[in-house]
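Below you will find the structure I want to go over with you.
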Amino acid sequence: MLKEACVETFEEAKLAEQKGANRIELCSDLANDGLTPTSELMNKTTSKLKIPVMVMIRPLAGNFIYSKKEIIQMKSEIDQAKKAGATGVVFGLLTSENTIDIENTRILAEYSKPLPVTFHKAIDELESPVEGVSELLQIENIKRILTSGGKPTALEGQETIRKMIGIAGDKITILVAGKVLDSNIEEIQKLTGADELHGRRIVGELLVK
């Protein structure tokens, strides 16, 4: 079982590593569900930690619909993540019709190479996250999908998560999120069959003294 801790400071990242996290998702502004961290935070975290660091690429809060100008900004942020030595990048793009933005997702997934891409919880906004998996299977370099199965928690979304894992097969890893805690991670792992899980408190509270 792989535990990915979601953090927004270097201190949290270091503490998560010490408490047994296997990988970090590095963000800023988690109050708004995570935005792109500063290049300074990327550099410090990747250079000081021994575990892999995935970097959130999300230029603004709100929805997941991006203009051409914002796509260019996301490319610049991907460049920063590459330069910092990130292990991979995390993003998700939707259309105004609430479907996956296939065109721009493909552009950014290609641009991110050689870094692997996690398509984040934007997939949970879809009417059918299961169909979303089928669409993302057609885009090269999408290696993971972060999801709670379209529900507020992984426990509520477990049935959909199992279907998503079935469709993804061995081509895309379904990374399970949604109130995954150190106290319920084994239950969620057993119910979903997921090998990788993600959470803000996946290795306990990250209260930095």
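Taking θ = phi - 60°, what integer Hz values does the Karplus form 6.51 cos²θ - 1.76 cosθ + 1.60 yield along segment 181-197, in sequence order, with x for Gly and Pro?
My calculation for segment 181-197 gives 10, 4, 7, 10, 4, 5, 5, 5, 4, 5, 6, 9, x, 6, 9, 10, 10 Hz in order.
Same structure again: Among DSSP beta bridges lying fully in the chain, give the percent that are antiparallel, nearest 5.
Details: 2 of 30 bridges.
That works out to approximately 5 percent antiparallel.
Continuing with the same structure: Can you give the net charge of the other residues whose Cβ lies under 10 Å from the Cβ of M54, counting K and R as +1 and D and E as -1? Don't skip to the end; give the middle numbers.
Details: positive: R23, R144; negative: E4, E25.
For residues surrounding M54, the net value is 0.
³J(HN,Hα) across segment 75-80 via Karplus (A = 6.51, B = -1.76, C = 1.60, θ = phi - 60°), whole Hz, x for Gly/Pro?
Taking θ as phi minus 60°, the curve returns 4, 4, 5, 5, 4, 4 Hz for segment 75-80.
Enumerate the residues in segment 19-36 having an amide nitrogen under 14 Å from the point lying 7 Å beyond the Cα of Q73 toward its Cβ.
The answer is 35-36.
Under 5 Å between amide hydrogens, which residues at least 5 positions from E196 or on another chain qualify, with H placed 1.01 Å from N in the peptide plane?
HN-HN under 5 Å from E196: L2, V176.
Using unit Cβ charges (K, R positive; D, E negative) and no other charged atoms, how large, in debye to the nearest 20, is the dipole of the chain about its Cα centre?
Details: 27 positive and 31 negative charges, 142 e Å.
That gives the chain a dipole magnitude of about 680 debye.
Next question, about the same structure. Would you give the gap between the C-alpha center of segment 55-98 and the C-alpha center of segment 180-209, rounded to a whole Å?
Cα centroid to Cα centroid, the span is 25 Å.
Listing Y66, Y111 from the residue with the fewest other Cβ atoms within 10 Å to the one with the most, what is the order? Before the final figure, lay out each step's value.
Values: Y66 21, Y111 17.
If I rank by nearby Cβ atoms, fewest first, I get Y111, Y66.
What is the ratio of the Cα radius of gyration of the chain to 2.2 N^0.38 Å, where N is its residue count, to two decimals? Before the final figure, lay out the partial values.
Values: Rg = 15.7 Å, N = 209, 2.2 N^0.38 = 16.8 Å.
Ratio of Cα Rg to 2.2 N^0.38 Å: 0.94.
Shifting gears a bit: 5 Å is the cut-off here: which amide hydrogens, built 1.01 Å from N in the peptide plane, fall below it relative to L94, excluding neighbours closer than 5 in sequence?
When sequence neighbours closer than 5 places are left aside, the close amide H contacts are F64, I65, Y66, D101.
On to the next question. Karplus couplings for segment 92-97 from phi (6.51 cos²θ - 1.76 cosθ + 1.60, θ = phi - 60°), rounded to Hz, Gly and Pro as x?
x, 10, 10, 9, 5, 8
Please go through the residue pairs K3/K44; K68/K163; K82/K143; K83/K143 and name each one whose alpha carbons sit more than 28 Å apart in this structure.
With Cα atoms farther than 28 Å apart: K68/K163.
Shifting gears a bit: If each DSSP helix of 4+ residues adds -39,500 (n - 2.57) and the sum is divided by the residues in the chain, what number results at 222 nm, nearest 500 deg cm²/dmol? Before the final figure, lay out each step's value.
Working: 7 runs with 74 residues, N = 209.
After summing the helix terms and dividing by the residues of the chain, the value is -10500 deg cm²/dmol.
Looking at segment 1-108, what % of its DSSP beta bridges pair antiparallel, to the nearest 5? Please list the in-between numbers first.
On the way: 2 of 12 bridges.
If we restrict to bridges inside segment 1-108, about 15 percent are antiparallel.
Using Cα positions and a limit of under 17 Å, work out the aspartates and glutamates in reach of K69, with same-chain residues fewer than 8 apart set aside.
E77, D79, D101, E103
Identify, among A109, L60, G178, the residue whose Cα sits farthest towards the positive end of the charge dipole of segment 2-199, taking +1 on the Cβ of Lys and Arg and -1 on the Cβ of Asp and Glu, with the dipole about the Cα centre.
A109
Roughly what would the spin-label model give for S96 and E140, points 7 Å off Cα along C-beta, in nm?
For the pair S96/E140, the computed spacing is 3.1 nm.
All of the numbers you see were taken from the coordinates with simple rules; none came from a lab. Computed from a predicted structure; not experimentally measured. Ideal geometry is used to build each Cβ from the backbone, glycine not excepted, and the neighbour counts take in all protein chains shown.
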